[in-house]
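Asker: Pasting a structure here, questions to come.
The values are calculated or read from the model by the stated rules, or taken from the named source; none is laboratory data. Just so you know, these numbers come straight off a predicted model, no measurement behind them. Ideal geometry is used to build each Cβ from the backbone, glycine not excepted, and the neighbour counts take in all protein chains shown. Keep in mind that these areas ignore ligands, DNA and RNA; they rest on the heavy atoms of the full protein, side chains included. Shrake-Rupley method; radii C 1.70, N 1.55, O 1.52, S 1.80 Å.
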Amino acid sequence: ASVWLHLGALGPKRVKMLDNGLMPPPPYEMVDNEGTWLDQTDMVFIDTVGTGFSRATKQEVAAKFFSVNGDIESVGEFIRMYLTRAERWTSPLFLVGESYGTTRASGLSNWLFEHGVGLNGILLVSTVMNFQTIRFAEGNDTALFLILPSYTATAWYHKKLAPALQSKSLTDVLREAENWTVNEYLPALVKSDRLTPAERQNVIDRYSYYTGLSKAFVDQNDLRINLDKFNKELLRDQRRTTGRLDSRFTGIDRDASGEGTDHDPSMSAIRPPYTAVFNDYVRRQLNFKSELEYYILGGGIGPWNWNTTIGYANTSTALESAMVKNPYMKIFMANGYYDMATPYFAAEYTLAALNLDPQLRRNVTLTYYEAGHMMYIEKSSLRKLKEDAAAFIQRSIQR
């Protein structure tokens with residue numbers, strides 16, 4: 001649902017978290033949002049069918065919304081109708097999406113252009129356009145090497161790296177890990193059992209060095225460690241797990257000896273505050289009266305059709321097509337270093353793989369934050385996101 005960006009970053013009010021983004025004790029509070037984007041633009045928040053209070057009028061037609069293409073078409077049609085009814089066709093137009101909202105916004109960019117809507121810009125917060133980059137599946141090594149720098153960031157944050165790395169800045173450590181990933185780890189995955197014993201041991205040693213995991217654990221997992229295993233293993237000696245949405249967060253599992261985590265501590269920390277505050281705000285202050293459950297994470301969505309014959313949904317090509325047709329459109333990508341759900345290196349890879357013409361590539365702005373998937377829950381990142389987005393919006397409307 002749109003509540004995350006609405007009450008987390010963009011709107012006039014926000015959920016009050018602790019300054020580092022951790023969950024405060026209940027009851028939860030809403031405060032004025034010093035980082036609101038309202039001084040830059042009007043905003044319309046859309047809860048797609050199956051999220052928020054949005055429901056299909058007839059159950060038998062609900063399924064048509066529950067697909068990559070159906071979702072894009074329904075939101076695109078809403079935008080077209082809104083521009084018509086509000087008479088805003090000639091206003092500067094931007095899309096902003098977070099997480100799956102970046103998948104949607106990328107696909108929408110081309111759909112809207114084909115229906116006569118030229119965008120000034122798209123702001124992608126915690127980006128995933130190509131799902132092959134984040135899916136840990138047998139035979140898909142792509143996600144394994146693209147998340148490794150995020151493992152490094154997490155280990156650095158929790159002080160699990162060797163002193164030689166721990167003494168460096170996060171960005172310096174990440175550049176080093178990225179270079180090793182591309183130049184040595186990826187080729188090692190390609191070789192797999194064709195590695196010599198010496199080559200394999202070298203990869204094990206360096207993987208351990210850049211992730212804080214034991215050499216034995218890396219060896220036992222044949223150099224391939226998915227996210228759930230990493231989150232369980234990194235702080236096992238402390239009987240703690242790390243978060244998926246934000247790996248700064250730690251949790252406690254019922255079974256400290258298991259292979260995977262019981263829950264995502266970062267999701268557990270943010271779900272109750274956002275649910276409680278929105279339900280109070282919409283009824284008591286906005287005076288919208290309903291006993292419907294507000295589906296904060298799409299609880300009303302049925303089986304999802306990924307509309308793909310290649311195994312993974314990918315809307316990056318739609319974005320590329322829109323950029324080619326509309327060379328004035330600018331792209332903003334906000335990345336959290338501790339976001340393990342949509343890793344920053346995976347977003348960079350997806351962008352690079354488009355092989356954009358240099359003129360179009362100059363239209364893309366990448367920004368980074370020392371926080372997670374919802375980077376705005378951390379107060380300094382909320383401020384930086386506002387500043388970065390405001391500068392981007394102003395650049396995008398210059399003639």
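Asker: Return the sequence-ordered ³J(HN,Hα) values of region 105-117 in whole Hz as given by the Karplus equation 6.51 cos²θ - 1.76 cosθ + 1.60 applied to θ = phi - 60°, using x for Gly and Pro.
Answerer: 4, 5, x, 5, 4, 7, 4, 5, 4, 5, 10, x, 10
Asker: Can you check what the net charge comes to around Ile270, using other residues whose Cβ is under 11 Å from the Cβ of Ile270 (Lys, Arg +1; Asp, Glu -1)?
Answerer: -1
Asker: How would you order 383-395, 164-176, 107-119 from highest to lowest mean count of nearby Cβ atoms within 10 Å?
Answerer: 107-119, 383-395, 164-176
Asker: Output the 0 to 90 degree angle, nearest 10, between the alpha-carbon long axis of helix 197-211 and the longest principal axis computed from the alpha carbons of the chain.
Answerer: So the inclination is approximately 50 degrees.
Asker: Could you check the spin-label model distance between Asp193 and Ser268? Points 7 Å from the Cα along Cα→Cβ, value in nm.
Answerer: 4.0
Asker: In addition: Mind grabbing the base-10 log of I(q)/I(0) for region 268-346 at q = 0.15, 0.24, 0.27 Å⁻¹? Debye formula, identical points on the C-alpha positions, no solvent, two decimal places.
Answerer: Relative scattering, expressed as log10 I(q)/I(0), comes to -0.97, -1.13, -1.23.
Asker: In whole Hz and in residue order, list the ³J(HN,Hα) couplings for region 372-380 that follow from phi through the Karplus curve 6.51 cos²θ - 1.76 cosθ + 1.60, θ = phi - 60°; x for Gly and Pro.
Answerer: Once rounded to whole Hz, the list reads x, 4, 9, 4, 6, 5, 8, 4, 5.
Asker: In deg cm²/dmol and to the nearest 500, what is the mean residue ellipticity at 222 nm of the chain if only DSSP H runs of at least 4 residues count, each as -39500 (n - 2.57), divided by the residue total?
Answerer: -11500 deg cm²/dmol, from helical runs alone.
Asker: Run the accessible area of the chain with a 1.4 Å probe and give the carbon-and-sulfur part as a rounded percent. Please list the in-between numbers first.
Answerer: Numbers: 9370 of 18670 Å².
Ligands and nucleic acids excluded, carbon and sulfur give 50 percent.
Asker: Could you calculate the contour length gain from Lys215 to Lys159, that is, 0.36 nm times the residue separation minus the distance between their Cα atoms, to one decimal place in nm?
Answerer: Working: separation 56, 0.36 × 56 = 20.16 nm, distance 1.72 nm.
The Lys215-Lys159 span can extend by a further 18.4 nm.
Asker: Follow-up. Relative contact order (percent) for region 1-66, with alpha-carbon contacts under 8 angstrom and 6 or more residues of separation?
Answerer: Values: 67 pairs, mean separation 20.1, N = 66.
Relative contact order here is 31 percent.
Asker: Among Ala137, Gly116, Trp89, which residue has its Cα furthest toward the positive end of the charge dipole of region 65-141, with +1 on Lys/Arg Cβ and -1 on Asp/Glu Cβ?
Answerer: Trp89
Asker: Sort region 1-155 into rounded, prolate or oblate with this rule: let a ≥ b ≥ c be the square roots of the eigenvalues of the Cα gyration tensor; rounded if a/c is under 1.5, and if a/c is not under 1.5, prolate when a/b is larger than b/c, oblate otherwise. Don't skip to the answer; put the middle values down first.
Answerer: Working: a/c = 1.57, a/b = 1.12, b/c = 1.40.
Judged from the Cα gyration tensor, region 1-155 comes out oblate (a/c at least 1.5, b/c at or above a/b).
Asker: Another question, if that's okay. Cα axis of helix 68-85 to longest principal axis of the chain: angle in degrees, 0 to 90, nearest 10?
Answerer: 30
Asker: If each residue of separation counts as 0.36 nm, what is the full-extension length gain between Thr84 and Asp280 once their alpha-carbon separation is subtracted?
Answerer: Going from the current span to full extension adds 67.4 nm.
Asker: Something else now. Taking a quarter of the surface of the convex hull around the Cα atoms of the chain, what do you get in nm²? Display every interim value, and only then the final one.
Answerer: On the way: hull surface 84.8 nm².
Reported value for the Cα convex hull: 21.2 nm².
Asker: I need the peptides 320-330, 27-37, 194-204 ranked by packing, meaning the mean over residues of other C-beta atoms within 10 angstrom, with the highest value on top.
Answerer: Result, highest mean Cβ count within 10 Å first: 320-330, 27-37, 194-204.
Asker: Right, another one. Could you work out how much longer the chain between Leu18 and Asp205 gets when fully extended? Use 0.36 nm per residue separation minus the Cα distance between them, nm to one decimal.
Answerer: 63.5 nm
Asker: Using a cut-off of 15 Å between beta-carbons, work out the net charge of the residues near Asp19 (Lys and Arg +1, Asp and Glu -1, Asp19 not included).
Answerer: So the surrounding residues net to +1.
Asker: Another one. At 1.4 Å probe size, with every protein chain present, just tell me what the per residue accessible area of region 1-93 comes to in Å².
Answerer: Details: 5010 Å² over 93 residues.
It amounts to 54 Å² per residue over region 1-93.
Asker: Further, regarding this structure: Per residue, what volume in Å³ does the Cα convex hull of region 331-399 take up? Please list the in-between numbers first.
Answerer: Working: hull volume 5.1 nm³, N = 69.
In region 331-399, the Cα hull volume divided by residue count equals 74 Å³.
Asker: Whenever you get a sec, line up Arg271, Arg284, Arg240 from highest to lowest accessible area (probe 1.4 Å, protein heavy atoms).
Answerer: Values: Arg271 110, Arg284 180, Arg240 85 Å².
Listed by decreasing accessible area, they come as Arg284, Arg271, Arg240.
Asker: Once amide H atoms are built 1.01 Å from N in the peptide plane, which residues 5 or more positions from Lys13, or in another chain, come under 5 Å H to H?
Answerer: HN-HN under 5 Å from Lys13: Asn33.
Asker: Please compute the net charge surrounding Ser290, taking Lys and Arg as +1 and Asp and Glu as -1 over other residues with Cβ under 14 Å from its Cβ.
Answerer: Once all neighbours under 14 Å are counted, the net charge is 0.
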